[in-house]
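The values are calculated or read from the model by the stated rules, or taken from the named source; none is laboratory data. Source: prediction; values computed, not measured. When we count neighbours, we look across all protein chains shown, and the Cβ atoms used for this are built from the backbone with ideal geometry, even at glycine. For the accessible areas, the whole protein counts, side chains as well, though only heavy atoms, and no ligand, DNA or RNA atoms are used. Shrake-Rupley method; radii C 1.70, N 1.55, O 1.52, S 1.80 Å.
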Amino acid sequence: MRQYLVSFHKVVTDGSGHDRRVLQRQALVRARSEVSALFEAKALFREEMGVADWRLRADTCEAVELADIAA
């Protein structure tokens, strides 16, 4: 199984009127594929945030596969 870091971001407008991506939460997930990692992380996000749909608290999510570090 592979390890993924899944990040959730919300786009907000700052004081000068520019859009900024703000990190809402990150999850470290072990999964067979990126799609599986996103599915699992979205479920965790919904549960932790107490919402029915993750998009109520974030606009985007992305998964990055982490390389195994050999000892």
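Couple of notes before you dig in:
- Assigned charges on the beta-carbon of Lys, Arg, Asp, Glu; the chain dipole about Cα centre (debye): 100
- Rough spin-label spacing in nm, given labels placed 7 Å along Cα→Cβ, for ASP59 and VAL35: 2.7
- In the chain, the DSSP-assigned H stretches of four residues or longer account for a calculated mean residue ellipticity at 222 nm of -7500 deg cm²/dmol, using -39500 (n - 2.57) per stretch and the full residue count as denominator.
- Cα gyration tensor category, rounded, prolate or oblate, for the chain with a/c compared to 1.5: oblate
- Figure note: HIS18, HIS9 ranked by solvent-accessible area, largest first, 1.4 Å probe, ligands and nucleic acids not counted: HIS18, HIS9.
- Amide H contacts of GLN24: PHE8, HIS9, LYS10, each under 5 Å away and 5 or more positions distant or on a separate chain (H built 1.01 Å from N in the peptide plane; Pro and chain starts excluded).
- Near ALA58: Cβ cut-off under 11 Å, other residues only, Lys/Arg at +1 and Asp/Glu at -1. The net charge is +4.
- In degrees, nearest ten, helix 34-49 long axis to first principal axis of the chain (Cα): 50
- Area of SER7 that stays accessible when all protein chains are in place (1.4 Å probe, Å², to 10): 10
- Between GLU47 and VAL11, the modelled label-to-label distance comes to 3.0 nm, taking each label 7 Å out from Cα in the direction of the beta carbon.
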